[in-house]
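Student: Below you will find the structure I want to go over with you.
The values are calculated or read from the model by the stated rules, or taken from the named source; none is laboratory data. Just so it is clear, the structure is predicted and the values come from calculations on it, not from any experiment. Neighbour counts run over all protein chains shown; Cβ positions are idealised from the backbone, glycine included. When the accessible area is computed, the model is the full protein with side chains, heavy atoms only, and any ligands, DNA or RNA have been set aside. Shrake-Rupley method; radii C 1.70, N 1.55, O 1.52, S 1.80 Å.
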Amino acid sequence: MKLDPQRQKTLLELANLERSLASGVSGRVSPEQETLDRLEAEQIRLRDAASAAQMAVDDIDNEILRIQSDERKLRRRKKDGQDALGAETDPERRRDLTHDVYTAKSRIADLMSELQEAHNEIHALRNNRDLAQERIRQQEQRIEGAREARDAAVAATAQVEDPRDIITRLAESLPADVIAEYERQRAENGVGVAQFNGRSCTGCAMVLPAGPIALVRNTPADVLPQCPECGSYLVRNHA
Ligand SMILES: [Zn+2]
């Protein structure tokens with residue numbers, strides 16, 4: 001196939017574009033979108049951790065309320081016992097009442113130490129909860145940055161010409177018989193036109209033996225030789 005070296009490059013550009021379009025390269029998720037997806041997935045885990053931390057705080061809060069309510073009841077029982085003791089003269093009844101007051105006092109002491117423990121614990125749990133919420137805020141900022149980067153990448157891609165339009169434009173700049181032959185060969189092996197990098201064909205990735213390499217090299221510059229392996233027309237690097 002005859003074509004001047006300058007337009008051979010145009011034909012190669014056209015063939016390469018059609019191959020990358022067919023392999024779906026342009027449909028891939030951008031690295032900016034991947035980063036955003038990853039950060040958003042992490043944020044879900046951070047929110048789960050924060051809500052677990054909040055639940056731990058709520059549990060201790062309820063525990064403290066329970067202790068305080070028990071304490072009020074016991075103090076009332078202790079006071080009732082002491083009041084009754086002041087008016088009671090029967091020794092057996094006095095012994096029972098004294099025992100009741102003693103039990104209430106001892107239970108109150110236990111509750112006070114439980115309360116102290118809960119207060120110590122809630123301090124650590126609140127810190128933990130605050131830290132988890134701070135992580136969410138920091139992650140939100142990262143997500144905001146990643147979203148801007150993603151939007152910028154989308155806008156930049158939108159400004160790039162659609163590869164299909166470029167293919168049409170390139171095809172129109174080449175002779176119709178060349179395009180027809182290229183299409184025929186492309187229908188045959190899915191490539192049509194490939195680059196020859198000095199030793200191998202980029203269409204089939206085969207390193208050619210010395211004989212065919214010499215044949216390709218000795219072909220006149222305005223003629224496209226064919227790969228002996230896959231039949232693609234080869235475009236050489238012309239100095
Ligand atoms: Zn080949």
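Student: Scan Ala221, Ala180 and give me the residue that is touching a His at 6+ places or on another chain (Cβ under 7 Å) and away from the ligand (no atom under 16 Å from the Cβ).
Tutor: Step by step, each of Ala221, Ala180 is checked, and only Ala221 is touching a His at 6+ places or on another chain (Cβ under 7 Å) and away from the ligand (no atom under 16 Å from the Cβ).
Student: In the range 155-207, which residues are of a type in the set (Ser, Thr, Tyr) and either touching an Asp or Glu at 6+ places or on another chain (Cβ under 8 Å) or part of a helix (DSSP H, G or I) (or both)?
Tutor: Thr157, Thr168, Tyr182
Student: Are any of the residues in the range 15-26 in contact (Cβ under 8 Å) with a residue 40 or more places away in the chain, in contact with a Phe, Trp or Tyr (Cβ under 9 Å, 6 or more places away or on another chain), open to solvent by less than 50 Å² (accessible area, probe 1.4 Å) and more than 30 Å from Asp110 (Cβ to Cβ)?
Tutor: yes
Student: State whether the residues of the range 96-117 include one that is under 30 Å from Ala52 (Cβ atoms) and either open to solvent by less than 40 Å² (accessible area, probe 1.4 Å) or over 57 Å from the mean Cα position of the chain (by Cα) (or both).
Tutor: Checked the range 96-117: at least one residue is under 30 Å from Ala52 (Cβ atoms) and either open to solvent by less than 40 Å² (accessible area, probe 1.4 Å) or over 57 Å from the mean Cα position of the chain (by Cα) (or both).
Student: For the subset of the range 158-183 comprising residues that are over 38 Å from the mean Cα position of the chain (by Cα) and among the small types (Gly, Ala, Ser), which member is nearest to Ser30 (Cα to Cα)?
Tutor: That would be Ala171.
Student: Please determine whether any residue of the range 151-158 is under 17 Å from Arg47 (Cβ atoms), surrounded by 12 or more Cβ atoms within 10 Å (Cβ to Cβ) and among the acidic types (Asp, Glu).
Tutor: There is no residue in the range 151-158 that is under 17 Å from Arg47 (Cβ atoms), surrounded by 12 or more Cβ atoms within 10 Å (Cβ to Cβ) and among the acidic types (Asp, Glu).
Student: Does the range 68-82 contain at least one residue that is in contact (Cβ under 8 Å) with a residue 40 or more places away in the chain and surrounded by fewer than 16 Cβ atoms within 10 Å (Cβ to Cβ)?
Tutor: yes
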